[in-house]
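Below you'll find the structure, written out as structure tokens, and then a few comments.
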Amino acid sequence: MIEKILTGESSQYWKALAITLAGFILARLVKNIIHHWYQKNTLSQTKMLLEKFLFYLIFLSAVVWALKILGFDWKVLLGAAGVFTVAIGFAAQTSVSNLISGIFLMSERPFQVDDLIEVNGTTGIVLSIDFLSTRLRTFQNALVRVPNEVLMKAEIKNYTRFPIRRIDLDLSIAYKENMKEVKDLLLQLVDENPLCLDEPAPLVIHKGFFDSSVNLMLCVWGKKENFLTIRNGLFEDIKTLFEEKGIEIPFPQRVVYMRQDGLKKE
Amino acid sequence: MERIWKEHHFKDGDKGLFSVGPLSLKIESHAHDWVLSWKHSSNPLEESLSVELPCQCELDIDDNYERFGGQHRERVLKFSPLLPDLPVVIRPEKTFYVLPKEEVILFVSVPMWLKVSLANSGTLLKEIPSYRPPDTWFGVSPNEGEICYAIRTKARLELSDMPLRPYRAIAAIKVVNKAKDKLFLERIKVPLPNLKLFESESGIYLTETVVIEREKDGTFVDVKTARGFHKDFGSTKKIAEPRIPPTSSLMRKALGSVLSSMDF
């Protein structure tokens, strides 16, 4: 074939090559147009899918057309397909499962591109949802490829689905402290932080009496993008507040009673 | 009273200190940049209002700090007032009902934003709130709703009771209750970004009135704006357009969620 192309004996090879190249260029062009036209108005996931779908549709159509010009007989392929179906079926079992899972994920939409999700202990921002796998970028800037089949079976936590999040802070205070007073101080502290939402109202939950401390949980709501700022800021403010007010944050301790009668026997 | 909303002339190397209620703003004019630094007092009711330009004092404001570089041909900054960039949810401090077949006008004082721009070109440097109200969520559940600013109000019914401060605007909310039962006003969303801002002859800042009507069957049919109470201040002039122009669909959207009580 190469010899024929080089010698110029067969113009259909040049024609097929030109169609393939033109198809590729056209596919890229359409992809770029969609990327720019829908930059602001469309969800990035929808845009990404549309780009890929149209790119492969145009490019593969061009390839099929080019092969037809070269005289490729599709009936032969279809006939052979029957023979290879079983073998391909076994080999592509995982891929097909991932593909079907990917279609379900796209229709169900438990998360979208740019969401922060946790799956199987991995937390990361969704970079892309492809037909076979989903790519995450972790906070350590590592790329994690999760097969769609795994995502279909796993429990997924989507941290950024809703605009606001609740931030829970576990706190411990000594037994001698006045719980009501501590609760009021904590709520006042939250009230003075403009990033903490006024509604839903913050609350303090008494978690119980433990070995060395009374445990509380301070629950405040904030915008999802302020999650870390609020959390870090509140921990700093609470420590400062406790120090100012002389509220003790207890260390684990054990009280040992010495029995007087036992000592006398010795 | 010190005028803050005007053009301020700087020379090379000048420092200016502006106190606008709880906001302290320092501006430095350098050869090739403007430096803005500001902080807010912990007391939201701080009433200071002063301009020191040039200011010789050593200033220690490093809470927020931004620089704006350029050829620095303009030496004049313009300070303009703006309404908040988000809707405000007002909550009366004490339980408040509107009686059946009655109407009330609630007056609320809302903090204004300080817009710092280059006087000639109009280039915006920064918008800084004179007081930054806390965030709140306005919606029926944590899934549906929108972020707003929260303001607790005494829900004053007499305009003469309102404290007049040049860095706060007076917003009026007229609630018409045509129903046979009383209307509990727990929280009201005021779409401030959709309202125009006016200034009276005496330097008082006013928004349009938000009118909320409740029909006989208990449904809310309309949210609209008017300039009902402006006549009490003599002639007023418009000084700022709405940040987001109100459209009929926007006001209709506001209608569905103008009053709320949440149940989580």
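Laboratory data are not the source of any read-out in this text; all were calculated from the coordinates shown. Bear in mind the structure is a predicted one, so any value in this text is a computation, not a measurement. No Cβ is skipped: glycine too gets one built from the backbone with ideal geometry, and neighbour counts run over all protein chains shown.
If I model a spin label as a point 7 Å beyond the Cα along the Cα-Cβ vector, how far apart are those points for A:HIS36 and A:ASP211 in nm?
The two pseudo-label positions are separated by 6.6 nm.
Which FRET efficiency value, to the nearest 0.05, is calculated for B:GLU241 and B:LYS182 with the Förster distance at 41 angstrom and r the Cβ-Cβ distance?
0.65
Give the separation of the Cα centroids, the range A:154-169 to the range B:106-155, in Å.
The two parts, judged by their Cα centres, are 26 Å apart.
Given R₀ = 45 Å, FRET efficiency for A:CYS219-A:SER97 by Cβ-Cβ distance, to 0.05?
On the way: r = 40 Å, r/R0 = 0.90.
Computed FRET efficiency for A:CYS219 and A:SER97: 0.65.
Determine the percent antiparallel among the DSSP beta bridges restricted to the protein assembly as shown, to the nearest 5. Mind dumping the intermediate values first?
Numbers: 105 of 118 bridges.
For the protein assembly as shown, the DSSP antiparallel bridge percentage is about 90.
Order these by the 10 Å Cβ neighbour count, fewest first: A:THR85, A:THR229.
Details: A:THR85 10, A:THR229 13.
In increasing order of surrounding Cβ atoms, one gets A:THR85, A:THR229.
For the range A:169-249, which chymotrypsin sites (Phe, Trp or Tyr not before Pro) pass both filters: DSSP loop (anything but H, G, I, E, B) and at most 16 other C-beta atoms within 10 Å? It would help to have the intermediate numbers written out before the result.
Values: sites: A:TYR175, A:PHE209, A:PHE210, A:TRP221, A:PHE227, A:PHE235, A:PHE242; in loops: A:TYR175, A:PHE210.
Hits after loop and neighbour filter: A:TYR175, A:PHE210.
Pop a pseudo-label 7 angstrom from the Cα along the beta-carbon direction at both B:GLU201 and A:TYR56 and give the gap in nm to one decimal.
According to this spin-label approximation, the distance is 7.4 nm.
Take the residue pairs B:LYS94/B:LYS182; A:LYS223/A:LYS245; B:LYS26/B:LYS237; B:LYS15/B:LYS78 and return only those whose Cα atoms are more than 19 Å apart. Could the numbers behind the result be given before it?
Working: B:LYS94/B:LYS182 16 Å; A:LYS223/A:LYS245 29 Å; B:LYS26/B:LYS237 30 Å; B:LYS15/B:LYS78 15 Å.
As for pairs spanning more than 19 Å Cα to Cα, those are A:LYS223/A:LYS245; B:LYS26/B:LYS237.
Could you name the aspartates and glutamates in cross-link range of A:LYS207, using Cα to Cα under 16 Å and dropping any fewer than eight places away on the same chain?
Of all the aspartates and glutamates, those that pass the test against A:LYS207 - Cα under 16 Å, at least 8 places apart if same chain - are A:ASP168, A:ASP170, A:GLU177.
Chain A: longest stretch without exposed trypsin sites (Lys or Arg not before Pro) (DSSP loop, at most 11 other Cβ within 10 Å), sites themselves excluded?
Looking at chain A, A:41-175 is the longest stretch - no exposed trypsin sites (Lys or Arg not before Pro) with at most 11 other Cβ atoms within 10 Å.
Given the options B:THR207, B:THR123, B:THR153, which has the most mean-square fluctuation in a GNM of chain B, springs set between C-alpha atoms less than 10 angstrom apart?
B:THR123
Which FRET efficiency value, to the nearest 0.05, is calculated for A:ARG28 and A:LEU187 with the Förster distance at 51 angstrom and r the Cβ-Cβ distance?
Values: r = 58 Å, r/R0 = 1.14.
Approximately 0.30, to the nearest 0.05.
Taking Cα centroids, how far is the range B:1-46 from the range B:162-191 in Å?
32
For the range B:103-174, which GluC sites (Glu not before Pro) pass both filters: DSSP loop (anything but H, G, I, E, B) and at most 15 other C-beta atoms within 10 Å? Display every interim value, and only then the final one.
Numbers: sites: B:GLU103, B:GLU127, B:GLU144, B:GLU146, B:GLU158; in loops: B:GLU144, B:GLU158.
Here the sparse-neighbourhood loop sites are B:GLU144, B:GLU158.
For the protein assembly as shown, what is the convex hull volume of its Cα atoms per residue in Å³? List each step's numbers first, then the result.
Details: hull volume 180.8 nm³, N = 530.
In the protein assembly as shown, the Cα hull volume divided by residue count equals 341 Å³.
What is the range B:7-81's relative contact order, in percent, from Cα pairs under 8 angstrom and six or more apart in sequence?
Values: 154 pairs, mean separation 28.9, N = 75.
In percent, rounded to a whole number, it is 39.
Taking the simple approach of a point 7 Å from Cα along Cα-to-Cβ for both B:VAL140 and A:VAL76, what is their distance in nm?
Distance between the two pseudo-spin positions: 6.5 nm.
Sorting B:VAL190, B:VAL35 on the 10 Å Cβ count, fewest up front, what's the list?
Details: B:VAL190 27, B:VAL35 15.
With the fewest neighbours first, B:VAL190, B:VAL35 line up as B:VAL35, B:VAL190.
Between helix A:44-69 and chain A, what is the angle of the helix's C-alpha long axis to the longest principal axis, kept within 0 to 90° and rounded to the nearest 10?
20
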